[in-house]
Structures are given as structure tokens and as C-alpha cells.
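Peer 1: Handing you this structure, nothing more for now.
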Amino acid sequence: MKKPLLSLNLAGGGAKGLLTCGFLKAWRDLGLKYDFCFGTSVGSICGLLYHQGDLDTLEEFWLNITQSKVYKSNPISWMGAFGERSSLFNPSPLREMIWQNFNFQKLIANPADFYINTTEFYPEWKDYTLNIRDLKEEEVPEFIMASSSPRIAFPPIYFRDRWLCDGGTINNFALNNAIEAGADIIVVMTPTIPEPHKAKNILEALNLETSEPEYKYLDYGIRYINTVNKIISQCSCQNDGFREVKVIVVRPLKPTGIGTLDFNYKQPKKDLIKYGYDLSRQILEKELLPLL
């Protein structure tokens, strides 16, 4: 029997990405291997360190993170919100952390493929995804930065004659990318679930705007895939080159109360990582292991 091709899709979620660290620790402890991985926004940062074999560095990254280590605010940046390169914050601390922690040789030594997902908004409006093997060493941190730059909050990134912003803007889960790559099983790890509420200030409004893709896109995508699977099974199309695709989702069972840009956590970070670990392990043992 042919071994199913496995895709690990790491979605965005800003400060909630702390949970993704726990998700990935469970993945490692279960001895799981992916054929390819797609990272979007904070998922691209987590995926970068995991792909290069630095899960301990990833955990240290999250345990030591604070808001000031991700972005800073100053009058110039707020004035810039009304200019051509609009943004409310300066993410130079995040850029520095990415540069300090990535290792290109480790990345390309991993036999699996790692894709980074961004959003191009000029000159076209579309998702723009590249394999790290198609990037030069000096391009990797900037492409990760582009994937992790939510519109309005952080400035856009100019890359290869394109203006790019956060990959989660239009394609947070990369389901279509994984299917096109040939995946038979897609494991989506997302640290957020819908948390609808009235915004009390501009930052909460920004949080709602950047998390909108979580509300329906993933469920719509899975529903569509399941419908196609049903049609394929009923008409016995497998012999004609069609295949059924299984999607497994690892996500919190209830809202965490963590804002997208709120890196000054109220809950103990180790507890959040452990919650992500326990949840991920339970889902993977129940839904993924029997398929492998």
C-alpha cells in the first residue's frame, strides 16, 4: 500500500503562536514526519525553527518573548499610518530575532520541503508562496518577515518587485497549496478559533480584522474537500487519478483570550505551551496515527 503524503500546515495567529510551539512538541514526541510543511505568518516562524531542527530554540523563543521584543511604537510610526507605507508599529525587534535564529544550512539539509506563504497586494492581489529552496540565504528572513506582517500593524515588505504582507490575509491555512503539492493527509495546526466580540479600541478592531480568516475560511475549505471526497468515493474515480484528501485540524477548544499582538501574556507561558502539547497529542494520536 502506498504511503500517504503528509502535509503539515502551520497557520497564523500572532501571539497565540505560543500554542503552536506546544503543538509541534507533541508532533516531535510522536515521531511524526511530514513530506512538506506550509508556514503562514507566525506559523512560518514556528515552522522555520522546527524545520531546521531547533525546537528547543523555538520554545526558548516563546518563553522569553515580550511585546517589546516583537515591535515598538513611536510617534513616527503612528504618523506613518497615514502615509504610503502605512503601519502603526515598527517590527524591527522581530526582524532581528528572525535573523538571529535562522540557519540556512540546516533548513536546506532537511529533505522535506518547507513553503512560506505570503500575500502579494501589489501589483497583483494573490497569495504568493515559495519553497525555501527557491530563496537565497539572505532572502529567507525577509520572506518570513513578509509572511508575518499584518496589514496596518506592520509595514509591507518589498520583495522581488512585489509588495507583500501577512500570508494569513487571504490564505491562512494553505489547503489548496497542500492539495496541489500532492498531499493525501493535511494536518492544520492553528492556535486560534473565532472570538467574536465588540472592539473597545483600535487594537481590538485590528485583532478582529486580522483574525477574520479564522471565522469561516477553514470550515468552508474542509466542507468543500469533504464534498469532493464523497463524490470521488461514489463514482470510484480513484483509478482516474483523483484522490480523497483527509484534513485533520489541531486548534484550541475554547477562546484563549490572547490578542493577536498581545505578547505580554496574562497566563503562564509554560501552561499555554503544555495546553497546546496535550491537545495536539490527543488529536494526533486519535485521528492521524491510525492513518499511517
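Peer 1: Does any residue in segment 84-103 that is open to solvent by less than 20 Å² (accessible area, probe 1.4 Å) come within less than 6 Å, Cβ to Cβ, of a residue that is assigned to a helix (DSSP H, G or I) and modelled with pLDDT under 95 six or more places away or on a different chain, and which pairs are these?
Peer 2: Ser87/Gly80; Phe89/Ser77
Peer 1: Do we have any residue at all in segment 191-198 that's modelled with pLDDT of 90 or more and either of a type in the set (Phe, Trp, Tyr) or over 17 Å from the mean Cα position of the chain (by Cα) (or both)?
Peer 2: Taking every residue of segment 191-198 in turn, none turns out to be modelled with pLDDT of 90 or more and either of a type in the set (Phe, Trp, Tyr) or over 17 Å from the mean Cα position of the chain (by Cα) (or both).
Peer 1: May I pose another question? Yes or no: segment 3-13 includes at least one residue that is of a type outside the set (D, E, K, R), surrounded by fewer than 24 Cβ atoms within 10 Å (Cβ to Cβ) and assigned to a loop (DSSP other than H, G, I, E, B).
Peer 2: Yes, segment 3-13 contains a residue that is of a type outside the set (D, E, K, R), surrounded by fewer than 24 Cβ atoms within 10 Å (Cβ to Cβ) and assigned to a loop (DSSP other than H, G, I, E, B).
Peer 1: Please work out which residue is farthest from the chain's Cα centre (by Cα), limiting yourself to segment 136-153 and to residues that are surrounded by 21 or more Cβ atoms within 10 Å (Cβ to Cβ) and part of a loop (DSSP other than H, G, I, E, B).
Peer 2: The extreme case among them is Ala153.
Peer 1: Sticking with this one: Any chance segment 59-73 includes a residue that's more than 16 Å from the chain's Cα centre (by Cα) and open to solvent by less than 10 Å² (accessible area, probe 1.4 Å)?
Peer 2: Yes, that holds for at least one residue.
Peer 1: Can you tell me which residues in segment 12-35 are out of contact with any Leu (no Cβ under 8 Å at 6 or more places or on another chain) and of a type outside the set (Asp, Glu)?
Peer 2: Gly12, Lys16, Gly17, Gly31 - these are the residues of segment 12-35 that are out of contact with any Leu (no Cβ under 8 Å at 6 or more places or on another chain) and of a type outside the set (Asp, Glu).
Peer 1: Give Tyr265, Tyr224 a once-over and let me know the one that is surrounded by 11 or more Cβ atoms within 10 Å (Cβ to Cβ) and either at pLDDT 90 or above or touching a helix residue (DSSP H, G or I) at 6+ places or on another chain (Cβ under 6 Å) (or both).
Peer 2: None of the other options fit; the residue is Tyr265.
Peer 1: Still on this structure, I have one more. Looking at Glu204, Glu214, Glu209, Glu180 in this structure, which one is in a helix (DSSP H, G or I), open to solvent by 70 Å² or more (accessible area, probe 1.4 Å) and at pLDDT below 85?
Peer 2: Details: Glu204 fails: open to solvent by 70 Å² or more (accessible area, probe 1.4 Å); Glu214 fails: open to solvent by 70 Å² or more (accessible area, probe 1.4 Å); Glu180 fails: at pLDDT below 85.
Exactly one of Glu204, Glu214, Glu209, Glu180 is in a helix (DSSP H, G or I), open to solvent by 70 Å² or more (accessible area, probe 1.4 Å) and at pLDDT below 85, namely Glu209.
Peer 1: Can you tell me which of Ile232, Ile186 is farther than 22 Å from Val42 by Cβ, modelled with pLDDT of 80 or more and open to solvent by less than 20 Å² (accessible area, probe 1.4 Å)? Steps first, answer last, please.
Peer 2: Details: Ile186 fails: farther than 22 Å from Val42 by Cβ.
Just a single option satisfies the conditions, and that option is Ile232.
Peer 1: Okay, moving on. Which of the following residues is on the phi > 0 side of the Ramachandran plot, among the polar types (S, T, N, Q) and touching a residue at least 12 places away in the same chain (Cβ under 8 Å): Ser73, Ser41, Ser68, Ser7?
Peer 2: On inspection, the qualifying residue turns out to be Ser41.
Peer 1: Can you name the number of the only condition in (1) of a type outside the set (D, E, K, R); (2) modelled with pLDDT under 95; (3) out of contact with any helix residue (DSSP H, G or I) (no Cβ under 9 Å at 6 or more places or on another chain) that Pro150 fails?
Peer 2: Going through the list (1) of a type outside the set (D, E, K, R); (2) modelled with pLDDT under 95; (3) out of contact with any helix residue (DSSP H, G or I) (no Cβ under 9 Å at 6 or more places or on another chain), Pro150 breaks only (3).
Peer 1: Taking segment 154-168 as the region of interest, how many residues are surrounded by fewer than 24 Cβ atoms within 10 Å (Cβ to Cβ), in contact with a Ser or Thr (Cβ under 9 Å, 6 or more places away or on another chain) and among the hydrophobic types (A, V, I, L, M, F, W, C)?
Peer 2: Going through segment 154-168 one residue at a time, the tally reaches 3.
The values are calculated or read from the model by the stated rules, or taken from the named source; none is laboratory data. Since the model is a prediction, treat every value here as computed from it, not as a measurement. Neighbour counts are summed over all protein chains in view; Cβ atoms, including those assigned to glycine, are modelled from backbone coordinates with ideal geometry. Only protein heavy atoms, including side chains, enter the accessible area calculation; ligands, DNA and RNA are left aside. Shrake-Rupley method; radii C 1.70, N 1.55, O 1.52, S 1.80 Å.
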